[in-house]
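J.: Pasting in a structure now, in C-alpha cells, and then I'll have a few things to ask.
The values are calculated or read from the model by the stated rules, or taken from the named source; none is laboratory data. Given the structure is predicted, the values throughout are model-derived calculations rather than measurements. Please note: Cβ atoms are built from the backbone with ideal geometry, for glycine as well, and neighbour counts cover all protein chains shown.
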C-alpha cells in the first residue's frame, strides 16, 4: 500500500507574487521534506514554499508553510507500510467538485483574484 500523508498548509503565508499562472490554473512551487524525527504532534514531513527563480537567485529563502503526517488507517495501530496495492475491481469515485468563481452568486471575482491569498496580512473573504 502507498503511504498517504495529511498535509496542513498555512495559506496566509503565501505571498501573492509567488503565485503563477499555468496552463490549467494558478500554482505555487513547494518542496516536501521528510523530517529526521517525528515532532510532538506526530508530523513526519515539512512543507516549504519555493521562491520564484529571480528571488531564489537573489538569495531569498523558502517559506515554511506547513507540515504533514501519515494518515491513520481505520482498524490499524501501526503506520501504513509500503507494499504494492492489489488490483482495483471497482471504479474510482468522482472527486469532489469545489466551487469556481463562476459558481459564486452575487459577487464578481476578478480573474487574477485568489480567494486565499493574503492581503495586508489578512485573508480575502
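J.: Residues in the stretch 34-48 that are surrounded by 14 or more Cβ atoms within 10 Å (Cβ to Cβ) and not in a loop (DSSP other than H, G, I, E, B): how many?
T.: Kept after step one, since they are surrounded by 14 or more Cβ atoms within 10 Å (Cβ to Cβ), are these residues of the stretch 34-48: 43-48.
With not in a loop (DSSP other than H, G, I, E, B) added as a condition, the list becomes 45-48.
Selection size over the stretch 34-48: 4.
J.: Can you spot a residue in the stretch 113-122 that is surrounded by 14 or more Cβ atoms within 10 Å (Cβ to Cβ), at pLDDT 90 or above and in a strand (DSSP E or B)?
T.: Within the stretch 113-122, none of the residues are surrounded by 14 or more Cβ atoms within 10 Å (Cβ to Cβ), at pLDDT 90 or above and in a strand (DSSP E or B).
J.: Separate question: All but one of (1) more than 18 Å from residue 7 (Cβ to Cβ); (2) surrounded by fewer than 15 Cβ atoms within 10 Å (Cβ to Cβ) hold for residue 52; which doesn't?
T.: (2)
J.: Can you name every residue in the stretch 1-25 that is surrounded by 13 or more Cβ atoms within 10 Å (Cβ to Cβ) and assigned to a strand (DSSP E or B)?
T.: Hits for the stretch 1-25 are 5, 6, 7, 9.
J.: For the stretch 49-63, how many residues meet the condition of being assigned to a loop (DSSP other than H, G, I, E, B) and either under 20 Å from residue 22 (Cβ atoms) or more than 19 Å from the chain's Cα centre (by Cα) (or both)?
T.: To start, the set of residues in the stretch 49-63 that are assigned to a loop (DSSP other than H, G, I, E, B) comprises 50-52, 58-62.
Still in the running and either under 20 Å from residue 22 (Cβ atoms) or more than 19 Å from the chain's Cα centre (by Cα) (or both): 50-52, 58-60, 62.
The number of residues fulfilling the criteria is 7.
J.: Any residue in the stretch 23-41 that's at positive phi and free of Cβ contacts under 8 Å to residues at least 24 places away in the same chain: show its pairings with residues that are outside any loop (DSSP other than H, G, I, E, B) and surrounded by 11 or more Cβ atoms within 10 Å (Cβ to Cβ) at Cβ separation under 9 Å, as long as the two are six or more apart or on different chains.
T.: Partner pairs satisfying both residue conditions: none exist.
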